[in-house]
Amino acid sequence: MSRGQAVGKENVLIRSGSCAVTILPQLGGKIASLRVGDRELLQHPLAPRAPRTRTMSFDSGDASGWDECLPAVAPCVVETTAGIASIPDHGDLWRVEWAEIESGAGPSDQSVTLRAECFSLPLTLERTLTLTPQSSGKLPAWRLQADYTLTNTGTSPAPWSWAAHPLFVAEAGDRILLPASIRSLRVEGSGGGRLGKNSDTVNWPVATLPNGDRSDLSVAQGPESGIGDKLFSAQLTAEQNWCALERPKAGVIIRVRFDPEAIPYLGLWICYGGWPDRPGVKQMCVALEPATAPVDSLAETGPWSRVLAAGKTFTWSMTVEIEST
């Protein structure tokens, strides 16, 4: 465990062999870097990292790394028993400073626990990250586990939704892997209407576009494609508990695992030069996003909607497995 300087305050580094994870508590608890040797696996900042406000849009910040989206992804207004709550873009937690609660180094792993409070709803999230080496024959491999505890610190029930937001760097030819039983996805948004409109369904992996062309969504394209699509799975079964990004040129497979009983949906953000809409540097990434809901807005309700009673907690976990190839 080590400390360094980032935007004038300490960051946190956990390391296992040549794999290192850098966390910025002062900037939303962001996992700013996930490196194997000199290879960065997360999206580089689109702009200098700097303090955030409660109202700024996500694309006006650095839009990089891995953030936690709570209590929603999309900006929205929701009515609660305590009154009206305004949820900002990508939620509260990427905007606030997180407090380091505990850190430790075991015989073969390192861990750190941080906690943050939402401001739009009375919710507190605690996250423990543990990095552990894994046996994978002669090639190095690692497991980054994220354990979450959500608490309603208020006096009345609070609606909520959560999505992990790890933006993994991608390059043309990389491949997104999903369980074979997933054969279609719902469109949450698609730049230029490439895949259709919100709530349309497309086949996976090969989708038929509105113009009749076909597109293999599992294969990453170059930045000249201008693609920016957000997709969601239907409710997942116990066997559909993983997704992966295969990066042949980078020499790694990144596999995300989660429990569909606790986290029943998967969001998929594929961006190859298609976002942000403003001029300047664009993302080139694939985000594999376990989520509690198949929509970005907390105001869009359905069987997936969740409310946490006052004083109650909810726990869940996800893991990122990194295998050298």
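The values are calculated or read from the model by the stated rules, or taken from the named source; none is laboratory data. Keep in mind that what you see is a predicted model, and the values were worked out from it rather than measured. Cβ atoms come from the backbone with ideal geometry, glycine included; neighbour counts cover every protein chain shown.
For the stretch 233-248, filtering for residues that are in contact with a Phe, Trp or Tyr (Cβ under 7 Å, 6 or more places away or on another chain), surrounded by 18 or more Cβ atoms within 10 Å (Cβ to Cβ) and in a loop (DSSP other than H, G, I, E, B) leaves 3. Within the stretch 259-307, the set of residues being polar (S, T, N, Q) and within 30 Å of SER225 (Cα to Cα) comprises GLN283, SER297. Residues that are among the aromatic types (Phe, Trp, Tyr), within 30 Å of GLU79 (Cα to Cα) and either outside any strand (DSSP E or B) or modelled with pLDDT under 95 (or both) do occur in the stretch 293-307, at least one of them.
Just give me the residues in the stretch 191-243 being among the acidic types (Asp, Glu) and either within 19 Å of the chain's Cα centre (by Cα) or closer than 22 Å to ILE263 by Cβ (or both), in sequence order. Write out each step before concluding.
Just the residues of the stretch 191-243 that are among the acidic types (Asp, Glu), to begin with: 200, 213, 216, 224, 229, 239.
Those that are among the acidic types (Asp, Glu) and either within 19 Å of the chain's Cα centre (by Cα) or closer than 22 Å to ILE263 by Cβ (or both): ASP229, GLU239.
May I ask you to verify whether ASP92 is within 24 Å of ILE254 (Cβ to Cβ) and either buried (at least 21 other Cβ atoms within 10 Å of the Cβ) or among the acidic types (Asp, Glu) (or both)? Before the answer, list the steps.
Numbers: within 24 Å of ILE254 (Cβ to Cβ): no; either buried (at least 21 other Cβ atoms within 10 Å of the Cβ) or among the acidic types (Asp, Glu) (or both): yes.
The answer is no for ASP92.
The set of residues from the stretch 106-137 being part of a loop (DSSP other than H, G, I, E, B) and under 21 Å from the mean Cα position of the chain (by Cα) comprises CYS118, PHE119, SER120, LEU121.
State all residues of the stretch 256-283 that are surrounded by fewer than 22 Cβ atoms within 10 Å (Cβ to Cβ), free of Cβ contacts under 8 Å to residues at least 60 places away in the same chain and not in a loop (DSSP other than H, G, I, E, B); if no residue qualifies, say none. Passing the criteria: only GLY273. Comparison of ALA99, ALA47, ALA72 shows that the only residue that is buried (at least 20 other Cβ atoms within 10 Å of the Cβ), of a type in the set (Gly, Ala, Ser) and at pLDDT 95 or above is ALA72. Which members of the stretch 198-232 meet the condition of being part of a loop (DSSP other than H, G, I, E, B) and closer than 14 Å to ILE270 by Cα? Once the filter is applied, which keeps residues that are part of a loop (DSSP other than H, G, I, E, B) and closer than 14 Å to ILE270 by Cα, the stretch 198-232 yields TRP204, PRO205, LEU217, SER218, ALA220, GLN221, GLY222, GLY226.
Only one of the numbered conditions (1) surrounded by 15 or more Cβ atoms within 10 Å (Cβ to Cβ); (2) under 26 Å from ALA32 (Cα atoms) is not met by SER135, and that is (1).
Output yes when any residue across the stretch 151-164 is among the β-branched types (Val, Ile, Thr), closer than 22 Å to SER317 by Cα, in a loop (DSSP other than H, G, I, E, B) and modelled with pLDDT of 95 or more, and no when none is. Before the answer, list the steps.
Taking the stretch 151-164 first, the residues among the β-branched types (Val, Ile, Thr) are 151, 153, 155.
The next check asks that each one be closer than 22 Å to SER317 by Cα; those that pass are 151, 153.
Next cut, in a loop (DSSP other than H, G, I, E, B) only: 153.
Checking which are modelled with pLDDT of 95 or more leaves us with 153.
Yes: one or more hits.
Suppose the filter is at pLDDT 95 or above and either out of contact with any Leu (no Cβ under 9 Å at 6 or more places or on another chain) or assigned to a loop (DSSP other than H, G, I, E, B) (or both); does THR22 pass it? Criteria not met by THR22. Entry remark, the stretch 165-192: residues being over 17 Å from ASP216 (Cα atoms) and part of a strand (DSSP E or B) number 7 in total.
Residue-wise test of (1) of a type in the set (S, T, N, Q); (2) out of contact with any helix residue (DSSP H, G or I) (no Cβ under 7 Å at 6 or more places or on another chain); (3) on the phi < 0 side of the Ramachandran plot; (4) surrounded by fewer than 17 Cβ atoms within 10 Å (Cβ to Cβ).
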position: LEU129; (1), (2), (3), (4): no, yes, yes, no
position: ARG143; (1), (2), (3), (4): no, yes, yes, no
position: GLY173; (1), (2), (3), (4): no, yes, no, yes
position: ILE176; (1), (2), (3), (4): no, yes, yes, no
position: SER190; (1), (2), (3), (4): yes, yes, yes, no
